[in-house]
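Okay, so here's the structure we're looking at.
The values are calculated or read from the model by the stated rules, or taken from the named source; none is laboratory data. Given the structure is predicted, the values throughout are model-derived calculations rather than measurements. FYI the Cβ positions are ideal-geometry reconstructions off the backbone, even for glycines, and counts take in every protein chain you see.
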Amino acid sequence: MTTTPRPRYTCGIDAAMDVIGGKWKVLILWALDERPHRFGELRRALPGVSEKVLASHLRELEADRIVRREVRDEVPPHVSYSLTPLGRSLNEALGPLGAWGREHVLGGATHRAAPAGDAAGGGAAGGQPATGVTQREAATQ
């Protein structure tokens, strides 16, 4: 498999957006922040993503060292995906972006409880919403 070289970046935001670009990558990171998932679990957790796009995004995130793919030698094979330390740090960096979206786009209507040690109101995966609405529902409201 050949990969195309990364373009020259003009700033850190440009470089970060290249890593998380695409409709589903941030939501993949969000799901994996909760716990490791198998491919089928991720597909069910992200309604609307195609198998092809999910597989492609997971390969790209793995190549960027954001996601770890673990294969267990079982029959049938057991493959799970989890965040690397770099992926967890990326989710932490996305926390303020999520807070901005909740405040300015969602109008603060869906507030999530802050995880331990996060006074800003939640990381990218950010804990459970205080309203009883699931995270996925909160993201689509």
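Taking segment 17-117 as the region of interest, the helices (runs of 4 or more DSSP H) fully inside it that hold 3 or more residues being over 24 Å from Pro7 (Cβ atoms) and of a type in the set (A, V, I, L, M) are 25-34.
Looking at segment 71-103, which of its residues are under 16 Å from His37 (Cβ atoms), modelled with pLDDT of 95 or more and surrounded by fewer than 16 Cβ atoms within 10 Å (Cβ to Cβ)?
Selection gives Ser82 alone.
Checked against (1) over 17 Å from the mean Cα position of the chain (by Cα); (2) buried (at least 16 other Cβ atoms within 10 Å of the Cβ), Asp33 passes all but condition (1). Counting only residues that are of a type in the set (Val, Ile, Thr) and either closer than 17 Å to Leu83 by Cα or surrounded by 11 or more Cβ atoms within 10 Å (Cβ to Cβ) (or both), segment 10-30 holds 4 of them.
Output yes when any residue across segment 40-53 is within 18 Å of Leu94 (Cβ to Cβ), touching a strand residue (DSSP E or B) at 6+ places or on another chain (Cβ under 9 Å) and either free of Cβ contacts under 8 Å to residues at least 60 places away in the same chain or of a type in the set (Asp, Glu) (or both), and no when none is. The answer is yes, given that some residue of segment 40-53 is within 18 Å of Leu94 (Cβ to Cβ), touching a strand residue (DSSP E or B) at 6+ places or on another chain (Cβ under 9 Å) and either free of Cβ contacts under 8 Å to residues at least 60 places away in the same chain or of a type in the set (Asp, Glu) (or both). When Leu83 is tested against the conditions (1) under 11 Å from the mean Cα position of the chain (by Cα); (2) without any contact (Cβ under 8 Å) to a residue 40 or more places away in the chain, the lone failure is (2). If the condition is being of a type in the set (Gly, Ala, Ser) and exposed (fewer than 14 other Cβ atoms within 10 Å of the Cβ), then segment 36-54 contributes Gly40, Gly48, Ser50.
For first residues located in segment 90-109 and at positive phi, partners that are of a type in the set (Lys, Arg) and in a helix (DSSP H, G or I) and lie 6+ apart or on another chain with Cβ distances below 9 Å form the pairs Gly108/Arg102. The requirement of being modelled with pLDDT under 60 and among the aliphatic types (A, V, I, L, M) is satisfied by Ala125.
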